[in-house]
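The values are calculated or read from the model by the stated rules, or taken from the named source; none is laboratory data. Bear in mind that the values here come from a model prediction, so they are computed numbers and not experimental data. Cβ sites come from the backbone with ideal geometry, for glycine too, and all protein chains shown count toward neighbours. Surface accessibility is based on the protein's heavy atoms, side chains included, excluding ligands, DNA and RNA. Shrake-Rupley method; radii C 1.70, N 1.55, O 1.52, S 1.80 Å.
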Amino acid sequence: MTGRLNPAGHPSWWRHAVIYQIYIRSFADANGDGIGDLAGIESRLGYLSDLGVDAVWITPFYPSPQADGGYDVADYRAVDPVFGSLDEFDALMAAAQGRGIKVIVDLVPNHTSSAHPWFRSALAAAPGSSERARYIFRSGRGPGGAEPPNNWVSVFGGSAWTPVPSPRGQPQQWYLHLFAPEQPDLDWTNPEVRREFESILRFWLDRGVDGFRIDVAHGLVKDPAMPDLDERYPSRGPAPTGHPYWDQDEIHDVYRSWRAVLDEYGGNRMFVAEAWVASTQQLARYVRPDELHTAFNFDFLRAAWDADELRAAIDSSFESMAAVGAAPTWVLSNHDVVRHVSRYGGGEQGERRARAAVLLMLALPGGAYVYQGDELGLPEVADLPDEVLQDPTFLRTGGASRGRDGCRVPIPWSGDKPSYGFGPGAASWLPQPPQWRELSVTRQSERSASMLHLYRGALEARRRHAGFRSESLQWIDAEPGMLAFRRSERLTCLVNASELTLPVPNEVRGAEVILASIPLRDLERLPPACAVWLATAGGGADG
Ligand code: NOJ
Ligand code: CA
């Protein structure tokens, strides 16, 4: 397949940016309470600039009871004291932007916290009131409304409905929460809800943010008939078309109105949607020209370490995004999934594949996301003791799922004992494994073969080589198990995703190696699980 995303060329930074995801609780803790904070991020901006990222996306830092790591927002226009203050946010943003790093904040529109003043007043008000109409309250089924209104299930396990005390003699009322009970879903058919979120967008745009990551972007609108789920529509996993609460058509009206708000502001600002839908065609609808700019491509993340699967994910994303003129995005890990070193098999094998995978990802046209700690090759921490687990999934599934804490363990920065420089002392809200001492930023800075050096070198080469500026991708013939493509005449990427040593395609033999995921003896054959970037046709460094 050959594709051109945007032949006219596009100045928009997010079409090719490398965006670093900061999971704030676990990045850097300035005040020593064991929880990362805004001041901690500011203290590490030098690190991010040396790493060479274009932007940061910071996960929610708003006032929140933290029932779901801050994705339960009680006030959308303030900072939780545990993370700092609005002044500290402004200072961090100014310092980041001063270094040329853009700042994206997380917007959580599907649900508020149950501690949000709107939800409190909804509980205090009567069924049928305007206060309740901001959320999704319904009468239960069966005698007295004792059964939930339908069989919808929470993503975190259990029913998606929770009963509330009802006036004597009236049927039981329930409210909907697609996630935890502490995260009641808003009713997006209510114009007041829409006005409020446009005002929240403006609040952060007026402060100068460069963009928004939209949480659960596929969930806002529900089928008004609220039919029961049946076997066609799984409660978990990517949403197929027609699902009663994911990816409803009317959702796109919301994004059209948001786009109009964003476009009133200058300065090239962007949206990125988190939408777990089943096909790239569904995803492409979120990034039509008058909607959002980009959306995470989870097919790439979900693909196994297998050349055919990876290529299929790349092709389908590329084609469906090109059809609407949007740039694709690529992501290997985030705070909701098992870290990719572990997904790819863990240990040396996982690390070796992860090294090749990042060169693959960064060679693809489009934007790329790096989750904090990817650049250190951090594995999933699978053996956290039960008593420290905080993800609501763990409790709501009765322990059947251990949840997502294993990918959220605080970053090791330096030193010989916990918290390995995460904070000034030993405190960290999740314990770090002792092996992480060797994975710290300081240790890896000293080792030229480290994952950190690979990331720094790759980001530097991506900026320096003109070949990365094209928006096209052209596959070249290679052995089964090998991915081989040109970004332009100047730049070729080869990835051996097999378990065998494979010959390099003839046409690139003799090219100049820009970067390889492991040391290569020659350019005749590529060892298993390895990737290489080649300067072809005299197209080395420039610009
Ligand atoms: C997606 C977020 O990434 C995840 O961490 C959160 O639990 C859910 N949305 C609910 O807000
Ligand atoms: Ca702190």
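When segment 437-474 is filtered for residues that are open to solvent by less than 40 Å² (accessible area, probe 1.4 Å), of a type in the set (D, E, K, R) and outside any helix (DSSP H, G or I), only E471 remains.
How many of the residues in segment 8-53 are small (G, A, S), away from ligand 2 (no atom under 16 Å from the Cβ) and open to solvent by less than 30 Å² (accessible area, probe 1.4 Å)?
Initially, segment 8-53 is screened for residues small (G, A, S), giving 8-9, 12, 17, 26, 28, 30, 32, 34, 36, 39-40, 43, 46, 49, 52.
Okay, now just the ones that are also away from ligand 2 (no atom under 16 Å from the Cβ), so 8-9, 12, 17, 46, 49, 52.
Remaining after also requiring open to solvent by less than 30 Å² (accessible area, probe 1.4 Å): 12, 17, 46, 52.
Summing the residues that are small (G, A, S), away from ligand 2 (no atom under 16 Å from the Cβ) and open to solvent by less than 30 Å² (accessible area, probe 1.4 Å) in segment 8-53 gives 4.
Return yes when S419 is out of contact with any Lys or Arg (no Cβ under 8 Å at 6 or more places or on another chain) and part of a loop (DSSP other than H, G, I, E, B) and no when it is not. For S419, the condition - out of contact with any Lys or Arg (no Cβ under 8 Å at 6 or more places or on another chain) and part of a loop (DSSP other than H, G, I, E, B) - is met.
When the residues of segment 398-436 are filtered to those that are within 12 Å of F156 (Cβ to Cβ) and more than 14 Å from ligand 1 (Cβ to nearest atom), which remaining residue is most open to solvent (accessible area, probe 1.4 Å)?
Step one: filter segment 398-436 for residues within 12 Å of F156 (Cβ to Cβ), giving 398, 400-401, 403-404.
Subsequent filtering for residues that are more than 14 Å from ligand 1 (Cβ to nearest atom) retains 398, 400.
On the way: G398: 72, A400: 92 Å².
Restricting to residues being within 12 Å of F156 (Cβ to Cβ) and more than 14 Å from ligand 1 (Cβ to nearest atom), the top hit is A400.
If we keep just the residues of segment 54-84 that are open to solvent by 10 Å² or more (accessible area, probe 1.4 Å) and among the hydrophobic types (A, V, I, L, M, F, W, C), which is nearest to ligand 2 (Cβ to nearest atom)? Checking each candidate, the answer is V82. Residues in segment 88-111 that are more than 16 Å from ligand 1 (Cβ to nearest atom) and either in contact with a Ser or Thr (Cβ under 8 Å, 6 or more places away or on another chain) or of a type in the set (A, V, I, L, M, F, W, C) (or both): F89, A91, L92, M93, A94, A95, A96, R99, G100, I101, V103.
Check V388, V358 and return the single one that is of a type in the set (V, I, T), on the phi < 0 side of the Ramachandran plot, modelled with pLDDT of 95 or more and open to solvent by less than 10 Å² (accessible area, probe 1.4 Å).
On the way: V388 fails: open to solvent by less than 10 Å² (accessible area, probe 1.4 Å).
When all the criteria are applied, what remains is V358.
For segment 475-496, taking the residues that are hydrophobic (A, V, I, L, M, F, W, C) and open to solvent by 10 Å² or more (accessible area, probe 1.4 Å), the one that is farthest from A304 (Cα to Cα) is identified as I476. What pairs can you find where one residue is in segment 152-176 and within 24 Å of A126 (Cβ to Cβ) and part of a loop (DSSP other than H, G, I, E, B), the other is open to solvent by 20 Å² or more (accessible area, probe 1.4 Å) and within 16 Å of ligand 2 (Cβ to nearest atom), and their Cβ atoms are less than 6 Å apart, with a gap of 6+ or different chains? Going by the 6 Å Cβ cut-off, there are no qualifying pairs. Whether a residue is within 16 Å of ligand 2 (Cβ to nearest atom) and over 19 Å from V53 (Cα atoms) was assessed, and A449 does not pass this test.
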